[in-house]
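Undergrad: Before we start, here is the structure in question, set down as structure tokens.
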Amino acid sequence: MLNLSKSSAVSCALVLGFSLFAASSVSLGASQDLLVSDPDTLEAMGFERDAKNVYMAPGVDLEGAFTDRFSAADLEAQASGAALQVGVGFSPVSAKEFIGRLDTTGTQWRYAGGPNCCVDLSRVGTESFADAQVTDLPNGGTLDFIRAWWFDNVAQDITVFLFENCQPGFAAGPITITTIATLTAAGTPGNVTQLGILNNRPINIQDCHYLARVRFDGASTNLALQKVRLQFTHP
């Protein structure tokens, strides 16, 4: 009888502990992230206009490039300073890693655009968005910067987003999507690179994965993504 009581008590404690853990895991991401409800903003990032699970980290500027708020010299100085820190690392994403946001035919994209044959990504069809997962990030570290390279020799532009997509670590649940960076440059011909600050965003690869998305505002071989790179600090 005593053994049965102990067993029952342990079972109840485990069930209660798991329930509390699962409940606490439903709320993911940083507490200060803001829900995105504007239909035009959601559509511009490649989501349904009535999406209810898309958030935005504080400081993300969806209206323009980071250079609207920081000079190129300031950004480069910050990047150079961070590179001197012990434990700084990089996670690059080749243009070859990007695939269409929607399930479309292979004729939507080509790798012959831009000045670099067979490695740059250009849009051909009607789908404007392509996605790639960012890998090799250290859990418990921090995201410092995102940088993107592209070729732009037309009137249309490229915009790059970085999303943090999270679910409960040990329970079923919906995906919460948070925009933590956006990069765009208008009216800059030729080879372009943009740098964005990620404000030491904690890296959580137990509950989340990180997705880079590029939006092509035009279908032209003179508008081509070349590379995206994240800079981080190890825990």
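The values are calculated or read from the model by the stated rules, or taken from the named source; none is laboratory data. Just so it is clear, the structure is predicted and the values come from calculations on it, not from any experiment. Neighbour counts are summed over all protein chains in view; Cβ atoms, including those assigned to glycine, are modelled from backbone coordinates with ideal geometry. Side chains are part of the model used for accessible areas, which takes the heavy atoms of the whole protein and leaves out ligands, DNA and RNA. Shrake-Rupley method; radii C 1.70, N 1.55, O 1.52, S 1.80 Å.
Undergrad: For segment 157-200, compute Rg over Rh where Rg is the Cα radius of gyration and Rh is the Kirkwood radius from the inverse mean 1/r over Cα pairs. Please list the in-between numbers first.
TA: On the way: Rg = 15.3 Å, Rh = 13.0 Å.
Radius of gyration over Kirkwood radius for segment 157-200 works out to 1.18.
Undergrad: Return the long-range amide H neighbours of Val124 (sequence gap of 5 or more, or a different chain), with a cut-off of under 5 Å between placed amide H atoms.
TA: Trp109, Arg110
Undergrad: Calculate, for Ser94 and Thr188, the FRET efficiency according to 1/(1 + (r/R0)^6) with r their C-beta to C-beta distance and R0 25 Å; round to the nearest 0.05.
TA: Values: r = 22 Å, r/R0 = 0.88.
The computed FRET efficiency comes out at 0.70.
Undergrad: Could I ask something else about it? What is the spin-label model distance, in nm, from Val154 to Thr105 if the labels are put 7 Å beyond Cα along the C-beta direction?
TA: Once both label points are built, they end up 1.9 nm from each other.
Undergrad: Hey, rough spin-label estimate for Leu211 and Thr126, points 7 angstrom out along Cα→Cβ, what's it come to in nanometres?
TA: Distance between label points: 2.2 nm.
Undergrad: Can you give the Rg to Rh ratio for segment 124-235, taking only C-alpha atoms and Rh from Kirkwood?
TA: Details: Rg = 15.3 Å, Rh = 15.0 Å.
Taking Rh as the inverse mean 1/r over Cα pairs, Rg/Rh reads 1.02.
Undergrad: For segment 142-219, which chymotrypsin sites (Phe, Trp or Tyr not before Pro) pass both filters: DSSP loop (anything but H, G, I, E, B) and at most 14 other C-beta atoms within 10 Å? Intermediate results must be reported in sequence, preceding the final value.
TA: Details: sites: Phe145, Trp149, Trp150, Phe151, Phe161, Phe163, Phe170, Tyr210, Phe216; in loops: Phe170.
Sites meeting the loop and neighbour criteria: Phe170.
Undergrad: Which order do Glu127, Glu43 take when ranked by solvent-accessible area (1.4 Å probe, heavy atoms of all protein chains), largest first? Walk me through the numbers on the way to the answer.
TA: Working: Glu127 10, Glu43 95 Å².
From most exposed to least exposed: Glu43, Glu127.
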